[in-house]
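K.L.:
Mind looking over this structure? Questions follow.
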Amino acid sequence: MPLTTADPGVFRQTFPLHYPDADASGFVRLTALLNFLQIQAGEHTHSRGFDYHENYQAGVFWVLSRLSVRFDNWPRWPALLTVDTWARATKAVFALRDFRFGTEDQGWAGRASSAWVLLKDRKPQRPEPWIGIYDQCRAEADPWCPCRLGRP
């Protein structure tokens with residue numbers, strides 16, 4: 001199944017999978033995949049104007065609190081791994097972010113949901129004032145559309 005086009009509000013990047021990203025059988029290591037997801041979240045936030053270095057100096061930064069990953073199939077090396085991410089909602093002090101990932105050969109391989117906490121001077125902040133930088137994601141009929149994904 002080919003990868004669908006990125007929907008409005010979705011940030012997409014493609015990462016080359018290198019030999020160290022795979023195990024001896026050629027499957028992507030979980031640690032490598034989790035690194036790509038965290039890089040993707042940071043790049044998305046940076047692309048929307050939240051500069052890590054500038055905000056860190058002001059005592060403001062995001063911390064990953066929870067992450068749940070579901071695989072429908074395991075990506076294999078060699079390949080280009082496409083990762084989509086989008087901001088979903090807020091819940092108390094958490095900003096919720098979702099991901100989907102896959103390759104052109106295998107289609108969408110899985111999805112992830114995460115909860116992030118914004119810290120200012122090491123104290124949790126309500127995320128609402130900070131997440132206005134993200135575009136809204138639009139639901140479509142595609143079962144792999146970000147806003148229609150079942151929560152893992």
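K.L.:
So how tilted is helix 30-47 from the main axis of the chain? Cα-based, degrees 0 to 90, rounded to 10.
P.N.:
50 degrees
K.L.:
If you take every residue apart from ARG29 with its C-beta less than 9 Å away from the C-beta of ARG29, what net charge results, scoring Lys and Arg +1 and Asp and Glu -1? Mind showing how you got there, number by number?
P.N.:
Working: positive: none; negative: ASP21, ASP23.
Taking every Cβ under 9 Å from that of ARG29, the sum is -2.
K.L.:
Hey, if you put +1 on the Cβ of every Lys and Arg and -1 on every Asp and Glu Cβ in the stretch 1-96, which of VAL83, SER25, PHE71 ends up farthest toward the positive end of that dipole?
P.N.:
Of the options given, the answer is PHE71.
K.L.:
Also: Can you pull the Kirkwood radius for the chain, inverse mean 1/r over Cα pairs, to one decimal in Å?
P.N.:
Numbers: mean 1/r = 0.0623 Å⁻¹.
Result for the chain stands at 16.0 Å.
K.L.:
How large is the charge dipole for the chain, taken about the Cα centre, if only the Cβ atoms of Lys, Arg (+1) and Asp, Glu (-1) carry charge, to the nearest 20 debye?
P.N.:
Computed charge dipole of the chain: roughly 640 debye.
All of the numbers you see were taken from the coordinates with simple rules; none came from a lab. What you are looking at is a predicted structure, and each value in this text was computed from that prediction instead of being measured. Counting neighbours? That spans all protein chains shown, and the Cβs are built from the backbone with ideal geometry, glycine included.
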